[in-house]
Amino acid sequence: MMLFKKFLDTIVTSWSNALASKLFQKQMLVTLFFFIACFVVSVYFIDRCELRNGHVLHDVILDMLPHKDVSTYIFILTYGGILLAIASSLSAPHLLIKGFQMYAILLLMRAVFIALFPLNPPQEMVLLQDKIGSFLLNGQQYPITKDLFFSGHTSTLFLMFLITQQKKVKATLLTISIIVPILLLVQHVHYTIDILAAPVFSYAIFSFVNVAHQKAGSILSKPI
């Protein structure tokens, strides 16, 4: 109980100090609007891309794997990992704001590449049961199956791993970011290339945002 109270006190103190800066307030507001804009654009493109026909890829790795429904494990590990990453960063306002900027760019980049590379899902795909994701994308009107290149689950979890600073949490997120992609392949939700490319995009965005803040000399310029 005392540890939890200490944790809450640390969060309150750190945010009070951060919000005392007008530069931080400006960064937070800009980040909020930027994140909302990227999310809306991402949903629009992914929803529209679901209505078009795409290519089916021959995937040697998928051919060797069974196709099973492991949606429950994917759901628990993915959202558990995201919540863990956010909770561990609550006491570091500058880190959290920069993390949201990175994730916003990730959403935007993913939407662009899904639009550029039309793919149909693997033939033996088992539909992923994710009510949160489906609701956010189209209110569960119909399943989203063509948001393939690159993997959202994999890229998000790997970005969470990169952003997080606490060693134990970082190790946990790295483990999750390895297990979830394997489960996605077992369920045949993604092609292998979708999985392999995802961490590359995450790292590129992570590096870009850090370098951009450093060069601009912003209040968030401290590298993660």
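Checking H188 against (1) in contact (Cβ under 8 Å) with a residue 12 or more places away in the chain; (2) surrounded by fewer than 24 Cβ atoms within 10 Å (Cβ to Cβ); (3) assigned to a helix (DSSP H, G or I): exactly one of these is not met. Which one?
For H188, the failing item is (3).
Anything in segment 79-137 that is modelled with pLDDT of 95 or more, of a type in the set (K, R) and under 23 Å from L184 (Cα atoms)? List them, or say none.
R110 - this is the single residue of segment 79-137 that is modelled with pLDDT of 95 or more, of a type in the set (K, R) and under 23 Å from L184 (Cα atoms).
If you scan segment 205-224, which residues turn out to be among the aliphatic types (A, V, I, L, M) and open to solvent by 20 Å² or more (accessible area, probe 1.4 Å)?
Scanning segment 205-224 gives V211, A212, A216, I219, I224.
Condition check: within 21 Å of T72 (Cβ to Cβ), in a helix (DSSP H, G or I) and in contact (Cβ under 8 Å) with a residue 24 or more places away in the chain. Does I114 satisfy that?
no
Being more than 17 Å from I86 (Cβ to Cβ) and without any contact (Cβ under 8 Å) to a residue 40 or more places away in the chain is the filter here, so list the residues in segment 172-182 that pass it.
Matches in segment 172-182: T175, I178, P181, I182.
Working carefully through the options H94, H67, find the one that is more than 17 Å from the chain's Cα centre (by Cα), assigned to a helix (DSSP H, G or I) and more than 19 Å from A198 (Cβ to Cβ).
H94
I'd like to check something: does segment 31-47 contain any residue that is over 23 Å from G133 (Cβ atoms), touching a residue at least 40 places away in the same chain (Cβ under 8 Å) and either open to solvent by 70 Å² or more (accessible area, probe 1.4 Å) or in a helix (DSSP H, G or I) (or both)?
no
Kindly check whether there is at least one residue in segment 143-158 that is surrounded by 21 or more Cβ atoms within 10 Å (Cβ to Cβ), assigned to a helix (DSSP H, G or I) and among the aliphatic types (A, V, I, L, M).
yes
Would you check which residues across segment 70-94 are buried (at least 18 other Cβ atoms within 10 Å of the Cβ) and more than 25 Å from L127 (Cα to Cα) and list them?
Across segment 70-94, the qualifying residues are A85, S88, S89, S91, A92, P93, H94.
Mind checking which residues of segment 6-30 are among the small types (G, A, S) and surrounded by 13 or more Cβ atoms within 10 Å (Cβ to Cβ)?
The answer is S14, A18, S21.
Determine whether L51 is open to solvent by 90 Å² or more (accessible area, probe 1.4 Å) and either in contact (Cβ under 8 Å) with a residue 24 or more places away in the chain or assigned to a loop (DSSP other than H, G, I, E, B) (or both). Please lay out each step first, then the result.
Working: open to solvent by 90 Å² or more (accessible area, probe 1.4 Å): yes; either in contact (Cβ under 8 Å) with a residue 24 or more places away in the chain or assigned to a loop (DSSP other than H, G, I, E, B) (or both): yes.
Here the answer is yes, as L51 does meet what is asked.
For segment 191-204, name all the residues that are open to solvent by 10 Å² or more (accessible area, probe 1.4 Å) and among the hydrophobic types (A, V, I, L, M, F, W, C).
Within segment 191-204, I193, I195, L196, A197, V200, F201, A204 meet the criteria.
The values are calculated or read from the model by the stated rules, or taken from the named source; none is laboratory data. Fair warning: this is a prediction, and the values are worked out from it, not measured in the lab. A quick note on method: Cβ atoms are made from the backbone with ideal geometry, for glycine too, and the neighbour counts reach across all protein chains shown. We work out accessible area using only protein heavy atoms, side chains counted, and drop any ligands, DNA or RNA first. Shrake-Rupley method; radii C 1.70, N 1.55, O 1.52, S 1.80 Å.
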